[in-house]
Amino acid sequence: MFNRVLIANRGEIALRVLRACRELDVQTVMVYSKADEDAVYLRHADETICIGPGVSGESYLSIPNIISAAEIADVDAIHPGYGFLAENSHFAEICRSSNIEFIGPSAEIVSMMGDKARAREEAERAGIPVVPGSSGTISDEEEGLAVAREIGYPVLIKASAGGGGRGMRLAHNDISLVNGIHAARAEAEAAFGDGTLYMEKWVDKPRHVEVQILGDSYGNIIHLGERDCSVQRRNQKVLEEAPCADLPRDVRKKLHRSAVKLAKSVGFENAGTVEFILDEDDRFYFIEVNARIQVEHPVTEMITGIDLVKEQLRIASGDKLSHSQDQVKVKGHAIECRINAEDPDDDYRPCPGLVTSFIPPGGSGVRVDTHVYSGYRVPSLYDSLLGKVIVFKPTRAEAVATMRRALDEFVIEGIKTNLSLHRRILRNSVFAKGRYNTAFLKEYLLKG
Amino acid sequence: MFNRVLIANRGEIALRVLRACRELDVQTVMVYSKADEDAVYLRHADETICIGPGVSGESYLSIPNIISAAEIADVDAIHPGYGFLAENSHFAEICRSSNIEFIGPSAEIVSMMGDKARAREEAERAGIPVVPGSSGTISDEEEGLAVAREIGYPVLIKASAGGGGRGMRLAHNDISLVNGIHAARAEAEAAFGDGTLYMEKWVDKPRHVEVQILGDSYGNIIHLGERDCSVQRRNQKVLEEAPCADLPRDVRKKLHRSAVKLAKSVGFENAGTVEFILDEDDRFYFIEVNARIQVEHPVTEMITGIDLVKEQLRIASGDKLSHSQDQVKVKGHAIECRINAEDPDDDYRPCPGLVTSFIPPGGSGVRVDTHVYSGYRVPSLYDSLLGKVIVFKPTRAEAVATMRRALDEFVIEGIKTNLSLHRRILRNSVFAKGRYNTAFLKEYLLKG
Amino acid sequence: MDLDMIEKLLELMREHEIVEVEYEDPEAGTRLKLKKAVPPPPPSHPVLTPALALPAHMEGVMPMGALPPMAPAPAAETPQDVERANLTEVPSPMVGTFYRAVSPENDPFVEVGAVITDESVVCIIEAMKVMNEIKAEVAGEVVEILVQNGEAVEFGQPLFLVRTE
Amino acid sequence: MDLDMIEKLLELMREHEIVEVEYEDPEAGTRLKLKKAVPPPPPSHPVLTPALALPAHMEGVMPMGALPPMAPAPAAETPQDVERANLTEVPSPMVGTFYRAVSPENDPFVEVGAVITDESVVCIIEAMKVMNEIKAEVAGEVVEILVQNGEAVEFGQPLFLVRTE
């Protein structure tokens, strides 16, 4: 195991990684920006280093500053968390050349999976179903029109380097396709410096289900079951659960096998997620691979009893997987609610500021992952995630009941949050039945 | 299930019971004293009723006030929590005569188990080993001397109505025995209004191990494994764990069987604990039965996955036990630390006051049961328990590591607490080995 | 925070007839509270609703049954026309049911306008089937009866408003 | 807070008919509450003290390595005997290793007493094997060099103290 690890992130995931390190007796170095300098969670690190001003580009996204801090603090490895530099292959590369272990997949895998069109090709090669679409990228309008004629409208134009819905357009006919290609290319070039596009058939109201993967450096790959992440708002996940509540046994098995097959075929190492969409007939299609720990990883930890961040640390330090596939037992049901600082009455606008009172829920079956406390000031510079409430109970019905009471007793004053949205989701009858898709929030809750 | 339950307690256990009720969709009525009127946890109840001034005798211990509140609020049942009226057979009796279900054993069982000499006799009758001593009570010095001659010094003089170490004396010879009998009788009369005494041989440095019992109204009794409660300070439990870390398999089995046997022989119903002491050769002796939910119940919940307070509610409402003995599977390891408002530098004197900052630990494997938050004022009138940190992990070593980091990240400012004591226990090598007895704290930690 | 500022605040309070000021500066970590002498606010506790004057609002939309509505703030119910001086509440000394008379056939112990002594029985509170006669513990004139006959009352809940000499 | 101030406060309370004063200054660790004899006040609002000046001390005995002290606050390094006027710190613009000279054989860029301009190179900070020349960005006289040669520095850490005109 490593002696000393630098945590190149902030907020709840920085604290999550720190907890895993402390439990493994690994020393921690936390880097922070000026905007985070008063945060109490920094107290728990063995060493803290200020790496720049509040703006991320000069601190949490500054590769030179983070590498310098790692060298000064003499760490063996860097955990990037999620977001920021977690899927930056250049950063992974520089870590390697600096003799610092990057806790995640290799730079090559990060790069391959970051190119969505390339990942799609890899999935096709491995025999995993992908949404009908272009084989590889599309170079111009002509090619786009040809693909559209073949797969039929509506189609989705997507950026290879894409993420978070940017560089994405829906087209219902030739005219909107041509316009969409131009708009998506311009947006992708502006956002990612790369205007490469590909196309997929539009799947209406899909479910979003993803499979957690672990791979070690000896070629062993296992899956840890799936998560249903269909409760989304503008392509952003709001609530996740594991296992997926309504999935035929054979589909579930095929999903798991497909994920493992793809991970094996590309030589995936460390922790990652293979994401799929399912249409209303439970046909599934690969969409992408996330080559990092995800926000929603705790639901998988609860149903398997496996600590994913500790596994990341073990794998990166050269250990073999601590569980064989047979040893992974899925038990019980877990739900996670992401609590954001945002105003539910004003189009969920981010809402930073001073948290005057913060009383997290507790008791049986409740886990809270948060860096927030009474008196914490939510900076305006970073994302609005305040923390996550995770419940774990023997059955889904019990998990729903526990999450309801946990949300009801959660007190957050001083800033607006999305607690009320979660309270409504947990009392919605469609959600209670367990089968819902990515249109659920819009159809049942956001309309009013 | 009940429609509406009154919670006749305060603090963390009142919130614990409320959580179970909410998850079962049972309405809650919380009673409170003037000293607790500002507590935020009262907000979570469906109804709250002030039942008197701060002093317990006129509020939480006032049977007329609580029964009146129950009648006004039209509840089906009362949950007494622990302490206060939880083991008051008169209260259980009045509930029955008022057609309100008392959530606990019958008044007869509460009364029988409250009489320690009587409970000892019942154990002997059921063939459970008891510490050598008087058969029944001792009426005078002569009888005491005769018993002492038979079982040999040192002996312990105990009050039948006793609890918390009051009315208890250790005697090493005839003179201290005679003095001890007088002193214990006077103390017991003052404390309990009952000077009845009995005697036991003194077991040096025993381990304190208890077995959790559940019984329904159809005569079914199961056990939920044992807890090791040997980390004690002046007969007060400080830290508990489940299962007991060092117990030969046959002794463990016998302990469980003995507990079930005793519970069956007296017709025990609802939740209770059979307490034993073990000498250094793992010979065990019955000491007493606690006919109520206990502070340390969460460790058993964690290793069995069974919610004990929900079981109490189900049993009291007439349901059969939801698990057979075969269905109870003990898995993993749990530890609980009781966090008290007390000054570790001043003989652990209770330390009420304003909690200016309260940041509980969180993350994987950590459960916190507390009613405290930043801005809460700990009243000086009640016991000093602020809450409990419970950890659950696959192995004891992992549980210890998780508890260490949980204690390290727990921030409580404004008042003194025993966090530092727990941090020392969790880093003690004797504790780490898992075999320790009731002298542990005194020998290894309190001295230095 | 210094005395000058406090003095200035007090003057502003007088000028604007402010009775209570609370001031917090989380940045500086200071907190100040100033409160003027006013007569006790009248009766107010709605029966069997928590007498919890809760801080701030609970965030966002509240699901059904999640958190019961709070008792209206006492100040809101203060009758504006009563004289503020010399008014005292008679609080309930126990939890129970409030009765104004020994039985429905009898006259009430007191009506508004009645002049009472410390020893006057003003009502009955039934608790655990026992009828408890409640004495005023204060002398004066009954100005208002704050609870309806047959209503449940909690400990400390004001029952009568009495004008003392 | 001293007796004089309390006395002054009490006078103000009388003058303005104030019945209650609460004052907290967690920074100074002081808390004061003054309350006059008055009829029972209305149910008080529970104050969720948000004024959490956090750091303070951690409670009780800290186990080894449990909670290390935070990076020293820049202010703590300000020498107490220097004149406060016209002193400016030159902060480190990056994380790295501080060197006073181009190489061990060379003379330091500046010594105490040196007069510098905005453009003067005052040190080198090595980050990712790159030697970065750091300019003063302030003109004046170097009063103190706050970091040892070869020490690691974090972003914003004061490197030099400069007396400006």
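Read-outs throughout are calculated quantities, based only on the coordinates presented, and are distinct from any laboratory measurement. Note that the structure is predicted; figures quoted are calculated from it, not measured. So basically every Cβ, Gly included, is an ideal-geometry build from the backbone, and we count neighbours across all protein chains shown.
Using the Cβ of B:Glu187 as centre and a radius below 13 Å, the other residues enclosed give a net charge of +2, where K and R count +1 and D and E count -1. For the segment B:413-420, counting C-beta atoms of other chains within 10 Å of every residue's C-beta and taking the mean gives 4. Charged side chains reduced to their Cβ positions (Lys and Arg at +1, Asp and Glu at -1) give the protein assembly as shown a dipole of some 4860 debye around its Cα centre. On the beta carbon distance between A:Asp250 and A:Asp25, with R0 = 45 Å, the FRET formula returns roughly 0.55. Distances from C:Lys135 to itself in the other copies, using label points 7 Å out along the Cα-Cβ axis, amount to 9.0 nm in increasing order.
The helix-based estimate of mean residue ellipticity at 222 nm for chain B, built from -39,500 (n - 2.57) per DSSP H run of four or more residues and divided by its residue count, is -9500 deg cm²/dmol to the nearest 500. With R₀ set to 56 Å, the beta-carbon distance separating B:Glu143 from A:Arg427 gives a calculated FRET efficiency near 0.30. Phi angles across segment A:77-83 convert, under the Karplus curve 6.51 cos²θ - 1.76 cosθ + 1.60 with θ = phi - 60°, into 3J(HN,Hα) values of 7, 10, 9, x, x, 10, x Hz, Gly and Pro given as x.
Mind giving me the FRET efficiency for C:Asp107 and B:Asp174? R0 is 56 Å, r the Cβ-Cβ distance, nearest 0.05 is fine. So the FRET efficiency works out to roughly 0.15.
Rounded to the nearest 20 Debye, what is the dipole magnitude of segment C:84-163 about its Cα centre when Lys and Arg each give +1 and Asp and Glu each give -1 at the C-beta?
Dipole size: approximately 140 debye.
The residue among A:Ile415, A:Leu445, A:Ser374 whose Cα reaches farthest toward the positive pole of the charge dipole of segment A:315-448, with charges on the beta-carbon of Lys, Arg, Asp and Glu, is A:Leu445.
Over chain A, what is the relative contact order in whole percent, taking alpha-carbon pairs under 8 Å and six or more residues apart?
Dividing the mean separation by the residue count of chain A yields 14 percent.
Net charge near B:Thr137, counting Lys/Arg +1 and Asp/Glu -1 over other residues with Cβ under 13 Å of its Cβ? Here the count lands on -1. Counting only other residues whose beta carbon sits under 13 Å from that of D:Gly96, what net charge do I get with K and R as +1, D and E as -1? Summing Lys/Arg as +1 and Asp/Glu as -1 gives -4. For C:Cys123, the amide hydrogen comes within under 5 Å of the amide hydrogens of C:Ile134, counting only partners 5 or more places away or on other chains and with H modelled in the peptide plane.
Taking 8 Å as the Cα distance limit and 6 or more residues as the minimum spacing, I'd like the relative contact order of segment B:4-103 as a percentage.
On the way: 168 pairs, mean separation 29.2, N = 100.
Relative contact order comes out at 29 percent.
Per-residue shielding of A:19-30, expressed as the average number of other chain Cβ atoms within 10 Å of the residue Cβ, stands at 4. Note on chain A: with charges restricted to the Cβ of Lys and Arg (+1) and Asp and Glu (-1), its dipole about the Cα centre is near 1460 debye. Kirkwood hydrodynamic radius computed over chain A comes to 22.6 Å, based on all pairs of distinct alpha carbons. Per-residue Cβ neighbour counts within 10 Å put B:Tyr376, B:Tyr348 in the sequence B:Tyr348, B:Tyr376, beginning with the fewest.
Residues of segment B:1-44 falling in the label zone of B:Asp319, defined by backbone nitrogen less than 16 Å from a point 7 Å along Cα to beta-carbon, are B:1-5, B:17-27. When each of the peptides B:120-130, A:95-105 is scored by how many other beta carbons lie within 10 Å of its residues on average, the order from highest to lowest is A:95-105, B:120-130.
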